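J.: Right, I'll just put the structure down here and ask away after.
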Amino acid sequence: MQMTTPDGMSRRHFMRHLAASAATLPAMNFISHVQANAAELKKKQKACILMWMSGGPPTIDIWDLKPGSKNGGEFKPIDTKGDLQISEHMPKTAAVMDNLSVVRAMSTREADHGRGRYYMHTGYVPNPTVVHPAFGSVVSYELGTKRKDLEIPSFVSIGGGGTSPGFMGAAHAPFLVDNSGNIRNADMGELGPGRLEQRLNMLGVVEDNFIGSQRGESGQAHKDIYKKAVNLMTSKQMAAFKVSEEKKETLDMYTGAPAQGGAMMGAGGQFGRSLLMARRLVEAGVPFVEVDFGGWDLHANVFETLKNQRLPALDAGIAALTTDLKQRGMLDDVVLVWMGEFARTPRINQDVGRDHWAASWSTMIGGGGLKGGVAVGETDKDGVSVASGQSYQPGDIWATASHALGIPLDTVHTSKRGRPMKLANGGTAIKELIG
């Protein structure tokens, strides 16, 4: 049994220290690219990239179309390089679908944004007696702590609001950046290195005395997190956040570069940039990166919004990330997960939109050595219920990811109150994907 204890540090506390340490540093040039040597590139470090579709995407219009049904909508399915069909507005993704699979039999009961987000991130329904860690925090604890050469955070969230590390503690909270790699709540300032050294030495004396008073674990956690903040702001690994260093053709591949000229702007282009940053981060050794792509709460004008805004960006981003990882020999070591907090109703409402729906929907998962090009489970002809006889929960998705990441499925963590917590809430790895 693996034990996890709280460190007593809040996320706000951590970010305050990060901002303070940033303000004490001299102006530094983090833009210069760090050339990795051949030996480093050959290292096979497992990682996961979560593409989080905040708002709840209409998977019936993306991964599980229903042509001929009253609920089918305006889009047609197209063949893919795998053994399944997806939306006609995802042609680039269709060409790489032999590397990705769709779980079409998700069925949960959480159709509220907050509760659904919590459930899908943690594998647990909200409980007033315990705050469960997001799966990214679990990976940070299980894999990040073993990567002694990793100086940047082991759980990075790009463009999102962040999730709770729960009883894993602040050391495993998501590190928040925007799609340009700017760190939130940390403004760089100038201060001479002598002044910095004096301030850190003074802090060390105070905190050593605090820890020596044996007041619990929070003092040591306080010191450890401050050290991580300083290491972060001085590390050359910060170059991983600098998407601007990539070649223009690579950035264009991720952001779409439509034929009418120029890469997609706005949220679409930001999603592509975020995925490119995610690739750079996992290449640097970060084991978990979450990329937030919001705007899916489509209660009205669902087809117009999908066709002109959401799907072009989604299609370009997924295809580019999959292709890029494969060309770099990384795809078998990086798990890709695509999901939202729930999906949208099969029924189209009076505003030509779809409302909240959690009873029957899809997620996408691939890479990491998992089987690609298949659809797991099915919904009925109108998309209103799971028809395969086997439905799946978020814990099953994270158990499948855990298997691919090499995290034992019998791992148990311990909450603040000493309660044992099964990995992924005891979910089962999906046999059709793991062989």
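J.: Wholly within region 61-114, which strands (runs of 3 or more DSSP E) include no fewer than the required count, namely at least 1 residues that are among the acidic types (Asp, Glu) and out of contact with any Lys or Arg (no Cβ under 7 Å at 6 or more places or on another chain)?
T.: Here the list reads 77-79.
J.: Kindly indicate whether any position in region 240-263 is assigned to a helix (DSSP H, G or I), more than 17 Å from the chain's Cα centre (by Cα), modelled with pLDDT under 95 and of a type in the set (Gly, Ala, Ser).
T.: yes
J.: A further question on this structure: Within the group Leu325, Leu298, Leu275, which residue is touching a Pro at 6+ places or on another chain (Cβ under 7 Å), of a type outside the set (D, E, K, R) and modelled with pLDDT of 95 or more?
T.: Being touching a Pro at 6+ places or on another chain (Cβ under 7 Å), of a type outside the set (D, E, K, R) and modelled with pLDDT of 95 or more holds for just one of Leu325, Leu298, Leu275, which is Leu298.
J.: Let me ask another. Could you check, for region 145-162, whether at least one of its residues is under 13 Å from Leu281 (Cβ atoms), assigned to a helix (DSSP H, G or I) and in contact with a Ser or Thr (Cβ under 7 Å, 6 or more places away or on another chain)?
T.: No.
J.: Got at least one residue in region 291-309 being crowded, with 24+ Cβ neighbours inside 10 Å and within 24 Å of Met238 (Cα to Cα)?
T.: yes
J.: OK, next. At least 2 residues that are among the hydroxyl-bearing types (Ser, Thr, Tyr), in contact (Cβ under 8 Å) with a residue 40 or more places away in the chain and crowded, with 21+ Cβ neighbours inside 10 Å in each: list the strands (runs of 3 or more DSSP E) lying fully within region 354-427 that qualify.
T.: Here the list reads 361-367.
J.: Any residue in region 354-377 that is at pLDDT 95 or above, under 16 Å from the mean Cα position of the chain (by Cα) and among the hydroxyl-bearing types (Ser, Thr, Tyr)?
T.: The answer is yes, given that some residue of region 354-377 is at pLDDT 95 or above, under 16 Å from the mean Cα position of the chain (by Cα) and among the hydroxyl-bearing types (Ser, Thr, Tyr).
The values are calculated or read from the model by the stated rules, or taken from the named source; none is laboratory data. No experiment lies behind these values; they were computed from the predicted model shown. Glycine gets a Cβ as well: all are built from the backbone with ideal geometry, and neighbour counts include every protein chain shown.
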